[in-house]
Amino acid sequence: MKCDMCSSSGKLFRAEIEGAVLSVCGKCSEFGKVLGQISQPDSDYREEKKSKEHNPEVIDIIVEGYAEVIRKKREQMGLTQKDFAKNINEKESLIQQLESGNFRPGIELARKLQKALGIKLIEEYEQKPEKLSATRSEGFTLGDFIKAKKKPVS
């Protein structure tokens, strides 16, 4: 973990500085009131986090051509848009919008349609996380903007 003010690594403290609670190093903690020390996460936590970063995320998506699939199956079942809408407890205008392709169903509605029609409208898609490169920008840190108040010598 890094200091919120100067970006240095090492032992961190929770400190209130000018009304904001920050994670800061010992040097930067002098600018405010120290609230406590921050315990570093143990290595088991780091290993668990690392392994999760490489796992792809699985998301549900609606199949392409859903409008045509819904219309064909409804017609095969011999239902009008009005009758089908009543069967699934939705408005007829929603069925019209779906079949014309002007409305993309959400996942819950797609599941309802799948169940009623016996078709597949949802596919699982694995999205692999992109590796971000850790580059340090040459920008400013919060510490660059804080003016140190000198304590009077007693």
Residues within the stretch 1-10 that are at pLDDT below 85 and outside any strand (DSSP E or B), tallied: 4
Residue tally, condition of a type in the set (D, E) and under 12 Å from L142 (Cα atoms), over the stretch 1-17: 1
Residue, farthest from the chain's Cα centre (by Cα), within the stretch 44-69, restricted to residues that are within 25 Å of E123 (Cα to Cα) and either of a type in the set (D, E) or at pLDDT 95 or above (or both): E68
Odd one out for I17 among (1) modelled with pLDDT of 85 or more; (2) over 30 Å from F145 (Cα atoms); (3) not aromatic (F, W, Y): (2)
Entirely in the stretch 51-117, the helices (runs of 4 or more DSSP H) that have 1 or more residues that are in contact with a strand residue (DSSP E or B) (Cβ under 8 Å, 6 or more places away or on another chain): 107-117
Of all residues in the stretch 11-38 being without any contact (Cβ under 8 Å) to a residue 60 or more places away in the chain, assigned to a strand (DSSP E or B) and in contact with a Cys (Cβ under 9 Å, 6 or more places away or on another chain), the one that is surrounded by the fewest Cβ atoms within 10 Å (Cβ to Cβ): S23
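The values are calculated or read from the model by the stated rules, or taken from the named source; none is laboratory data. Remember, predicted model here, so these are calculated numbers, not experimental data. For neighbour counting, all protein chains shown are included, and Cβ atoms are generated from backbone atoms with ideal geometry for every residue, glycine included.
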